[in-house]
Structures are given as C-alpha cells and as structure tokens.
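The values are calculated or read from the model by the stated rules, or taken from the named source; none is laboratory data. Source: prediction; values computed, not measured. Note that we place each Cβ from the backbone using ideal geometry, even for glycine, and neighbour counts take in every protein chain shown. Just the protein is used for accessible areas: all its heavy atoms, side chains included, with ligands, DNA and RNA removed. Shrake-Rupley method; radii C 1.70, N 1.55, O 1.52, S 1.80 Å.
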Amino acid sequence: MLDISAISSVTHRIPPGARLAALGLVVGLSYGVATTAPAAANPADWPPGCQFKTVPNSGPGEMQHQFCQRLNDCQQMANAAGHTIFGAGCFWVPPQAPSVTRLNR
C-alpha cells in the first residue's frame, strides 16, 4: 500500500510554517463559531405579544393564547413571591417592578 505523501509532492511544497498557520486559522475559526453566544431573551417582554381581544378558537392562535395565560400565571406567582420563579413550570420569570407613585403632601 502506498502512502499519499510519497506520491504527491504538494505537501512537500507547502512550508511547515504555512501549514501551522493554516491549522491555527482553522482551529481559531472553529472555536469562534462554537463559542458565539446567542442573543439573550428578556423574559419580562412577553406582555406586548399577548394582547388578545378575543380568545382564538383553534390552531396556533389558541396555543399562543394558552401560553400567554401560563406566562400571566407565572408572572402573578413571581409578583406574589417577590423573587424570580424557577418552579411549577415557570422558569426565569422575574417579578414586575412595582410602580412608583408619589404622594404630594
């Protein structure tokens, strides 16, 4: 059985420094692609997407409505507890900031 390096002279023409640089480039790009962080979602931004005037009766609209109802329940539990909820099917739901009202005296 013949080794390809004995037949092909292409690998002999590339200097070892260029091979090392190419390997470093490939490894660096691979690492950069693998460690790219996804965009962070803000769990507190759900109310604008849950504005229903009527209850949808079927399909994706009904699923979204049920999801919004669940988020509303989670939000109420987080507000009552006063801290971020991680249980009961609610994950990373923070309490809403209390509205600041000033009394003029």
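Assorted remarks:
- Residue 84 meets the stated requirement of being of a type in the set (S, T, N, Q), modelled with pLDDT of 80 or more, out of contact with any Gly (no Cβ under 9 Å at 6 or more places or on another chain) and surrounded by 10 or more Cβ atoms within 10 Å (Cβ to Cβ).
- As a summary of the residue check, residue 68 satisfies the conditions (1) loosely packed, with under 11 Cβ neighbours inside 10 Å; (2) closer than 28 Å to residue 95 by Cβ; (3) modelled with pLDDT of 75 or more except for the one numbered (1).
- Of all residues in segment 71-81, those being open to solvent by less than 100 Å² (accessible area, probe 1.4 Å), farther than 14 Å from residue 45 by Cα and not aliphatic (A, V, I, L, M) number 2.
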